[in-house]
Amino acid sequence: MLILFYFLLGKLFTIIVGFVFFKSILRPYKFVLCLVIIATICEMYGYYLSHIHKPNFWLFNLYMLFEIWFMGIAAIYFVDKKNIKKLFLLLLVISSIIWLSIVISNSISTFANFALVCNSVILAVMYIIVLFKNSLFSKKNILIQPIFWVSISTIIYFSCIIPYMGLHNYLSDNMPAIAGQLMDINDVLDIVRFPLIGISFILLGRKNKVVKHSLIHEL
């Protein structure tokens, strides 16, 4: 129950901040905000299903598809070059085909860990490109750039879960103690990920406030 509280606390913080600064949030960030809301709902319903001893893998399998598309579409908006946009869209389609083939072959009730690994690789690569194209070589301080916080949270989270999720089924069956320890690391990453996104919403709100203040003075 305590871990659920921490899961939800980070997400609820991000949702609240997102709604407070909603008018200042650009379209790609709104896709990210929608994903945070979906993640929160899935987390709560998944816990409820687990609490009443009903399977919930189907729920998180469906969430994977929402995650890759919402974060992927946001990444498409974050880049300017058409060839990169087309590459990102192609990666989203490939990821969806992999997800669908795994779900059909294993059933929706079996956790599609290989699909999650593919999604993680694709999203990590996308946001590394986004980070390089928009933030790393900018003259501005990267710590005050909203796109930096979205990118870095995505890269850290998905890069770190790739090794564990790739071995998830094997470790769960053969080394449950190690699997439990690695799952704790994954939980920490999840708790850290969403508040970093919240920081980007705050920066967008502050940036919009500064712009409005400057316009008022010019008038």
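Numbers at a glance
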item	result
Residue that is modelled with the highest pLDDT, among those in segment 136-146 that are part of a loop (DSSP other than H, G, I, E, B) and surrounded by fewer than 19 Cβ atoms within 10 Å (Cβ to Cβ)	N141
Checking G72 against (1) at pLDDT 95 or above; (2) under 15 Å from the mean Cα position of the chain (by Cα); (3) farther than 25 Å from S101 by Cα, the condition it does not meet	(3)
Matching residues in segment 98-115 - criterion: being within 22 Å of A39 (Cα to Cα) and either assigned to a helix (DSSP H, G or I) or charged (D, E, K, R) (or both)	I98, W99, L100, I102, V103, N113, F114, A115
Pairs where the first residue, in segment 50-73, is over 25 Å from F88 (Cα atoms) and the second is of a type in the set (S, T, N, Q) and part of a helix (DSSP H, G or I), C-beta under 7 Å, 6+ apart	N56/S50
Condition met for I15 (part of a helix (DSSP H, G or I), buried (at least 18 other Cβ atoms within 10 Å of the Cβ), over 16 Å from the mean Cα position of the chain (by Cα) and aliphatic (A, V, I, L, M))	no
Residue within segment 209-219 that is surrounded by fewer than 17 Cβ atoms within 10 Å (Cβ to Cβ), modelled with pLDDT under 80, over 14 Å from the mean Cα position of the chain (by Cα) and not in a helix (DSSP H, G or I) present	yes
Some residue of segment 147-154 being part of a loop (DSSP other than H, G, I, E, B) and at pLDDT 85 or above	no
Pair list, Cβ under 8 Å, 6 or more apart: segment 135-146 residue farther than 9 Å from L203 by Cβ, other residue in a loop (DSSP other than H, G, I, E, B)	S135/Q145; S138/Q145
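The values are calculated or read from the model by the stated rules, or taken from the named source; none is laboratory data. All values reported here derive from a predicted model rather than from experimental measurement. When we count neighbours, we look across all protein chains shown, and the Cβ atoms used for this are built from the backbone with ideal geometry, even at glycine.
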